[in-house]
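Trainee: A single structure is presented below for examination.
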């Protein structure tokens, strides 16, 4: 069959990374963009290196029968209306995280995706990184045994030096520390730990530093998770008000070993020195720059799944929706000062 045509809505930093990525994806091409600003096709080609049909009206782009996939790269609060409209137009979806900043809106997208039988890829692209693939491999091969505790923490200071700062500081745009960025860490934890979450307890705080004063919400959260049907526990920190290098911290503890970032000790590997970590050489997730994120294997998996007529692995809509459900439960816990059971969010 012919290649899929992709139309991107929102033409900012993330969209640029998506356009560049699709140059290396087999079976799909970005052919159109939709932006509030007027764009000249020649200028777009000079900037992005591909021919792009510009739209300023989203409904007109959705009505284009040559576009098969809508890629949503706008600020967070615009995602629900744009995703629902695209699904109702019969377009497959790529949605940048978070899919929404409220649970009812997330459920609205879920219903539209299901009712219109379109496929969706949600950009929890870290699951496709070499680092996370390696970690998942150590788990699947039993090198850590049965995991009973995990920590995944996200430290990324989003201050005035960062592109999204201007709108990210607003409550109705950023949502929360977890929604705006730390959901990557929570999604990663769920990827490693397996099994549904039963309940969460979350706390929030905020830096007194001058760079983070404009934030309308608390910018650091600590969430404790208990998994259903077991005594397995986990912790996720989301900190977007830190002054330090970007750090994606991972610590998994199991019955036969432990993993710390890209280091391991396993009782299953005979001859290891338990007093020292052994390094697993891989490419770490150590940057918040979207140009460094593993979009290419994720988008390739999505295109391949569309050709096969099935949901993509790892970051399909249902999997990503569950991550968002846990995020919303955590934010509710912090807001109301109590433990929240996931069963409360039906």
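Trainee: For the subset of region 46-63 comprising residues that are surrounded by fewer than 20 Cβ atoms within 10 Å (Cβ to Cβ) and under 21 Å from residue 296 (Cα atoms), which member is nearest to the chain's Cα centre (by Cα)?
Mentor: Among those that are surrounded by fewer than 20 Cβ atoms within 10 Å (Cβ to Cβ) and under 21 Å from residue 296 (Cα atoms), it is 48.
Trainee: Please indicate, with yes or no, whether at least one residue in region 28-41 is over 20 Å from residue 302 (Cβ atoms), assigned to a loop (DSSP other than H, G, I, E, B), in contact with a strand residue (DSSP E or B) (Cβ under 8 Å, 6 or more places away or on another chain) and free of Cβ contacts under 8 Å to residues at least 24 places away in the same chain.
Mentor: For region 28-41, residues over 20 Å from residue 302 (Cβ atoms), assigned to a loop (DSSP other than H, G, I, E, B), in contact with a strand residue (DSSP E or B) (Cβ under 8 Å, 6 or more places away or on another chain) and free of Cβ contacts under 8 Å to residues at least 24 places away in the same chain: present.
Trainee: Would you confirm whether or not region 20-36 contains a residue that is at negative phi and at pLDDT below 95? Reasoning before the result, please.
Mentor: Just the residues of region 20-36 that are at negative phi, to begin with: 20-26, 28-36.
Applying the additional criterion that residues be at pLDDT below 95 yields 36.
Within region 20-36, one or more residues are at negative phi and at pLDDT below 95.
Trainee: Go through the residues of region 95-114 one by one and say whether even a single one is without any contact (Cβ under 8 Å) to a residue 24 or more places away in the chain, out of contact with any strand residue (DSSP E or B) (no Cβ under 8 Å at 6 or more places or on another chain), surrounded by fewer than 24 Cβ atoms within 10 Å (Cβ to Cβ) and assigned to a loop (DSSP other than H, G, I, E, B). Lay out the reasoning, then the answer.
Mentor: As a first pass, look at region 95-114 and keep what is without any contact (Cβ under 8 Å) to a residue 24 or more places away in the chain: 104, 107, 111, 114.
Remaining after also requiring out of contact with any strand residue (DSSP E or B) (no Cβ under 8 Å at 6 or more places or on another chain): 104, 107, 111, 114.
So of that shortlist, the ones also surrounded by fewer than 24 Cβ atoms within 10 Å (Cβ to Cβ) come out as 104, 107, 111, 114.
After this cut, where a residue has to be assigned to a loop (DSSP other than H, G, I, E, B) as well, the list is none.
No, the conditions are met nowhere in region 95-114.
Trainee: Out of curiosity, is residue 68 surrounded by fewer than 22 Cβ atoms within 10 Å (Cβ to Cβ) and touching a strand residue (DSSP E or B) at 6+ places or on another chain (Cβ under 6 Å)? Walk me through it before giving the result.
Mentor: Values: surrounded by fewer than 22 Cβ atoms within 10 Å (Cβ to Cβ): yes; touching a strand residue (DSSP E or B) at 6+ places or on another chain (Cβ under 6 Å): yes.
Criteria met by residue 68.
Trainee: Also: Within region 172-206, can you find the residues that are in contact with a helix residue (DSSP H, G or I) (Cβ under 9 Å, 6 or more places away or on another chain) and in a strand (DSSP E or B)?
Mentor: Passing the criteria: 197, 198, 199, 200, 201, 202, 203, 204.
Trainee: Here's a follow-up. Please work out which residue is modelled with the lowest pLDDT, limiting yourself to region 291-306 and to residues that are closer than 12 Å to residue 129 by Cα and crowded, with 19+ Cβ neighbours inside 10 Å. Step through it out loud before you land on a result.
Mentor: From region 291-306, those closer than 12 Å to residue 129 by Cα are 292-298; that's our starting set.
Of the ones still in play, those that are also crowded, with 19+ Cβ neighbours inside 10 Å are 293-295, 298.
Values: 293: 79, 294: 91, 295: 95, 298: 98.
Only one residue fits best here, namely 293.
Trainee: Give the residue, chosen from 288, 257, that is surrounded by 15 or more Cβ atoms within 10 Å (Cβ to Cβ), in the same structural domain as residue 244 (by TED's automatic domain parsing) and modelled with pLDDT under 95.
Mentor: On the way: 257 fails: modelled with pLDDT under 95.
Step by step, each of 288, 257 is checked, and only 288 is surrounded by 15 or more Cβ atoms within 10 Å (Cβ to Cβ), in the same structural domain as residue 244 (by TED's automatic domain parsing) and modelled with pLDDT under 95.
Trainee: Go through 163, 142, 157 for me and flag whichever is over 22 Å from residue 340 (Cβ atoms), out of contact with any strand residue (DSSP E or B) (no Cβ under 6 Å at 6 or more places or on another chain), in the same structural domain as residue 261 (by TED's automatic domain parsing) and at pLDDT below 95. Show your work before the answer.
Mentor: Numbers: 142 fails: at pLDDT below 95; 157 fails: at pLDDT below 95.
It is 163.
The values are calculated or read from the model by the stated rules, or taken from the named source; none is laboratory data. None of the values given here were measured: they were computed from a predicted structure. Glycine gets a Cβ as well: all are built from the backbone with ideal geometry, and neighbour counts include every protein chain shown.
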